[in-house]
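One structure below.
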Amino acid sequence: MGDITALVAAAAVVIGGSNGAAQDQVPPAHALDAPAFVLLTLLAGTVLLRRRAPLVMLLATSLLLGLFFAAGYPHGPAVVPLVVAALSVGLRHDRGTSWRAVLVANVVLLAGSAVGHARGYATGGWGLVFGMVGGIALCSVPALVGALIRLNRFAAAQAAQEATRRRIEQERLRMAREVHDVVGHSLSVISLQAAVALHVLDRRPEQAQVALEAIRRTSVDALGELRSTLTLTHAGRQATP
């Protein structure tokens with residue numbers, strides 16, 4: 001559904017908008033004819049590649065626009081798919097790949113503009129210069145914007161992962177302190193009761209028995225708490241990304 005919507009919108013902008021642009025630029029630009037509308041239709045269709053193959057989309061749009069410019073057709077909304085392609089390349093590919101693709105696209109666009117100028121479809125030398133500079137900007141700026149967005153997303157994802165890692169480490173430290181407190185307190189009680197049992201063992205064996213029973217209960221309770229804490233620690237370790 002998204003691709004169909006994008007295709008319809010691209011066709012409306014590229015084909016419909018180019019008719020309006022032609023009214024202001026003809027002459028000296030070449031009037032739109034059947035081959036022009038074929039190129040415009042193909043340009044609109046390239047939006048279907050923006051997610052699956054942005055590099056192919058950028059190559060296709062630059063070639064189609066190069067032919068469009070070389071034929072002398074008026075500039076206008078026909079460049080929209082190029083902007084979308086350059087932005088998609090910047091979003092999905094590393095900097096080196098993006099700029100190599102943009103360089104190739106710019107060369108194709110400049111060649112098409114030069115051919116159109118040589119055939120007389122331009123408003124003079126400055127028209128060619130402005131057209132070439134505009135073509136380079138339309139391809140390079142969206143790619144740069146896409147690259148910046150991609151880097152920002154990557155940095156945000158890294159920050160989120162780091163925050164999650166810190167939370168997990170803090171939870172582990174908290175659990176370790178709990179283990180220390182449980183074991184330390186229990187060992188203190190056991191040591192005290194053992195000292196009492198040794199002290200009264202010969203004179204009052206019944207008190208020694210009470211102390212030993214307290215040692216047993218403390219040991220069982222401590223082991224239970226330690227087991228629960230270690231279970232939580234193990235679960236937190238498994239949840240670590």
(request) Scan the range 1-32 for residues that are modelled with pLDDT of 80 or more and within 15 Å of Phe69 (Cβ to Cβ) and report the count. (result) 1
(request) List every residue pair whose Cβ atoms sit under 6 Å apart, with the two residues 6 or more apart in sequence or on different chains, where the first one lies in the range 170-197 and is not assigned by TED's automatic domain parsing to the domain that holds Leu212 and the second, anywhere, is surrounded by 12 or more Cβ atoms within 10 Å (Cβ to Cβ) and not aliphatic (A, V, I, L, M). (result) none
(message) Of everything in the range 125-146, what is of a type in the set (Gly, Ala, Ser) and at pLDDT below 90? Give them in sequence order.
(response) Gly125, Gly127, Gly131, Gly134, Gly135, Ala137, Ser140
(request) Output yes when any residue across the range 63-85 is over 21 Å from Gly16 (Cβ atoms), crowded, with 24+ Cβ neighbours inside 10 Å and either aromatic (Phe, Trp, Tyr) or in the same structural domain as Leu144 (by TED's automatic domain parsing) (or both), and no when none is. (result) no
(message) Take the conditions out of contact with any Cys (no Cβ under 6 Å at 6 or more places or on another chain), farther than 12 Å from Gly146 by Cβ and buried (at least 22 other Cβ atoms within 10 Å of the Cβ) and apply them to Leu43. Does it pass?
(response) yes
(message) Of everything in the range 40-90, what is modelled with pLDDT of 90 or more and basic (Lys, Arg)? Give them in sequence order.
(response) none
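The values are calculated or read from the model by the stated rules, or taken from the named source; none is laboratory data. What you see is a predicted model; the values in this text were computed from it and never measured. Cβ: placed from backbone, ideal geometry, glycine included. Neighbour counts: every protein chain shown.
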